[in-house]
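What follows is a single structure, written as structure tokens, with notes after it.
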Amino acid sequence: MSEAVRTIKSETLAAGNRDVGFAIGIVAILVVLFLPLPPLLLDMGLAMSISLSVVILMVALWIQRPLDFSAFPTVLLIATLLRLALNVATTRLILSHGHDGPAAAGHIVGGFSKLVMGGDFVIGVIVFLILITINFMVITKGAGRIAEVGARFTLDAIPGKQMAIDADLSAGLIDETEARRRRAELEQESSFFGSMDGASKFVRGDAIAGIIITGVNIFGGIIIGMFRHDLSFAQSADVYTKLSVGDGLVTQIPALIVSLAAGLLVSKGGNRGAAQEAIFRQLGAYPRALWVASMLLGSLSLAPGLPFFPFALLSGLTAAGALSIRRQKIEAENLAAATANQAAAAKQDEERNSVKELLRTSEIELKLGRQISGTMLVSHGELAHRVSKMRRRFAQEYGFVIPDIRLSDDLMIPPKSYCIRIHGTTAASFELRPGEILVIPGARARPNLPGDEVREPAFGMEAFWYPDLFSVELRAEGFRPVDSMSVMLTHLSEVIRTNLGHLLSYKDLRALTDRLEPEYKRLLDETCPALLSFSGLQAILKMLLAERVSIRNLHLILEAIAEVAPHVRKPESIMEHVRLRIAQQICGDLAQDGVLKVVRLGSRWDISFLQSLKRDGKGEVVEFDIDPRLIEQFAAEMNKSVKTFMDKGDHFALVTAPEARPYVRMIVDRLFPNLPILSHIEIARGIRVEVIGSMS
């Protein structure tokens, strides 16, 4: 505890010492304005000014964003004040001791005058004026304009950004701490650009002051040299002009560096990262531009009258840069692709091993026993291809895309069996016989060959297993042998047809409605959800699919729903109206060669079902109350009659009274889910009807 207290005290003391030292430094700069400095201290001050300007430039180059150097306006003011104070001190030494020689104002001023001017003060004046022009007219003016526009747009954008922060906070996207941080950053941004707009005036004033001070030094030095130190005009002009211009160069070079730092800072804009990173990243993003530049430089190197070596060297360097950038981009893309693949593989492994993956069930799954899987292993490609064709056929026939069918092995089921699961629940299973074929004789007599009798899994028809070596003889007798894979896929197809109503998800419904034409989208908007909810629409489509009625003509279904939805609310009643409106489609799908084969329910059962309907005062059916013994008798007769027709290979529909149709369907669905149930009024015009029998 005492150690922590000592640490806090030491940090507090250090912070206090820094504050005192900073204040003393500011006071020292002000003192220099009034008190003379010896040449040694003046050299130290000028070296410090140059060093400070270089440090400011380096910081401006490497900061990530302008707000990271929010103290720049204050630093700029201090650096400008330091240069002006040193300029005044240098002026005092030049005018006081200029007749003593080039070192009168210190070795730095004399050294710069000798280095830049080379002994000729005219060259020095020209270089000084050029530096002043560059600093004043180019860098400072441009940076000031950028800062002014940036401050204006930043201040104009503050209300919108503040509203965005409040909206994110209200929506719960950020918490109060993050909102407070963003508001503080917004205040810093507005203050920074406003300060930068004013700070640019420091640099302009510094340049103007440098011109005036240099002119005063030259003019005053010539007068003092001629009238006080008995120098000739030429001697006075030579000595004082060199010293004055040297002093101006020593002052203007740091001023130029600081102006460049200010320009880099305000021109950084919305770019993040160090300046060189942003520049090289954006210039290097277009290797084609470097190729074109290389070709142009190469052409200039071959042009008559122009030197070959400089342009050829630059052309080669530019081409090498383009190649290097291209190679780096390819490596970066390969690395990104490899990283993405690794991330995807890791995510798949994580999902595969996670508990959530165990809770996820496939909509449709075909599981194969060990022996069946091994037999069909060589045909897995064909199996997947036929399953894909099955999905396309279902989409064309029923108007929506059924979910993916997952094929997998399962050691828990018998080796020769397969299992079909819908939403993780077993819907059907069957045992195959590898190396044998299945024959469905139908109305014909069974083949006179040794075989085992079974019930075909898809339709429950009488069938026989025969060894594969009898396939030629069976075909010669006119039978159509079916291989094991076709038996399994036919069974799968029928199970999917039986469960179509369970496979239409809400996502599928939205996908179907999104593909509607604009006119029918408006019709849908008028109907849902004003008259019917989307869940109600989904329920109607599910009931149609449960009876194997295609929804491919969704626009006709929507028109039928829009007709009756204002008057009827029950989905079952709306569905019956829809069936009536699309009767042509229903009968057309059931008919074969233009003939619709039907089996009548019979007057006895029609009357029994109609008498079991309980009605309200308006005559609407509200309840179905039938004696359970009648249901048992009906099921027995249905089982006997329908199997007789099915064994003959006939495809037919059961016809009953309109009001009794839903309830007949409810009972028959448990016995024969693939048997269509029609009402008398659903038989469309133009359909030739063939009555093949009656229940009673």
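Some observations on this one:
- Filter result for Met646 (within 18 Å of Ser608 (Cα to Cα) and not in a loop (DSSP other than H, G, I, E, B)): no
- Taken together, Ser49, Ser70 contain a single residue that is under 15 Å from Val250 (Cβ atoms) and surrounded by 14 or more Cβ atoms within 10 Å (Cβ to Cβ), which is Ser49.
- Filtering the range 654-663 for residues that are surrounded by 15 or more Cβ atoms within 10 Å (Cβ to Cβ), touching a Phe, Trp or Tyr at 6+ places or on another chain (Cβ under 9 Å) and part of a strand (DSSP E or B) leaves a non-empty set.
- Any chance Met646 is under 29 Å from Glu456 (Cβ atoms), touching a Gly at 6+ places or on another chain (Cβ under 9 Å) and in the same structural domain as Lys597 (by TED's automatic domain parsing): yes
- Those helices (runs of 4 or more DSSP H) of the range 469-547 in which 2 or more residues are hydroxyl-bearing (Ser, Thr, Tyr) occupy 484-498, 506-514, 518-527.
Results for (1) farther than 17 Å from Leu492 by Cβ; (2) touching a residue at least 24 places away in the same chain (Cβ under 8 Å); (3) hydroxyl-bearing (Ser, Thr, Tyr), shown as yes or no for each residue.
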| residue | (1), (2), (3) |
| --- | --- |
| Val439 | yes, yes, no |
| Ala443 | yes, yes, no |
| Pro450 | yes, no, no |
| Glu453 | yes, no, no |
| Ala458 | no, yes, no |
| Tyr466 | yes, yes, yes |
| Leu469 | yes, no, no |
| Val472 | yes, no, no |
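- Any hit, the range 411-418, residues being assigned by TED's automatic domain parsing to the domain that holds Thr490, farther than 25 Å from Gly501 by Cα and modelled with pLDDT under 85: yes
- For the range 400-423, a tally of residues being within 26 Å of Ser550 (Cα to Cα) and outside any strand (DSSP E or B) returns 6.
- Residues of the range 484-509 satisfying the condition of being more than 30 Å from Ser535 (Cα to Cα) and exposed (fewer than 15 other Cβ atoms within 10 Å of the Cβ): Ser486
- All told, Ser533 meets the bar of being farther than 17 Å from Val668 by Cβ and free of Cβ contacts under 8 Å to residues at least 12 places away in the same chain.
- Any chance Arg406 is under 18 Å from Met376 (Cα atoms) and assigned by TED's automatic domain parsing to the domain that holds Leu492: yes
- Any hit, the range 40-50, residues being farther than 17 Å from Leu84 by Cβ, in a helix (DSSP H, G or I) and modelled with pLDDT under 75: no
- All positions within the range 215-243 that are hydroxyl-bearing (Ser, Thr, Tyr) and either farther than 30 Å from Met137 by Cα or modelled with pLDDT of 75 or more (or both): Ser232, Ser236
- Gln584 vs. criteria touching a residue at least 40 places away in the same chain (Cβ under 8 Å) and of a type in the set (S, T, N, Q): yes
- Output for the range 425-434, where each listed residue is without any contact (Cβ under 8 Å) to a residue 60 or more places away in the chain and not in a strand (DSSP E or B): Arg433
- When Val568, Val595 are screened for being surrounded by fewer than 19 Cβ atoms within 10 Å (Cβ to Cβ) and outside the structural domain of Ser679 (by TED's automatic domain parsing), only Val568 passes.
The values are calculated or read from the model by the stated rules, or taken from the named source; none is laboratory data. For clarity, every value in this text was computed on a predicted model and none was experimentally measured. We place every Cβ from the backbone using ideal geometry, glycine too, and count neighbours over all the protein chains shown.
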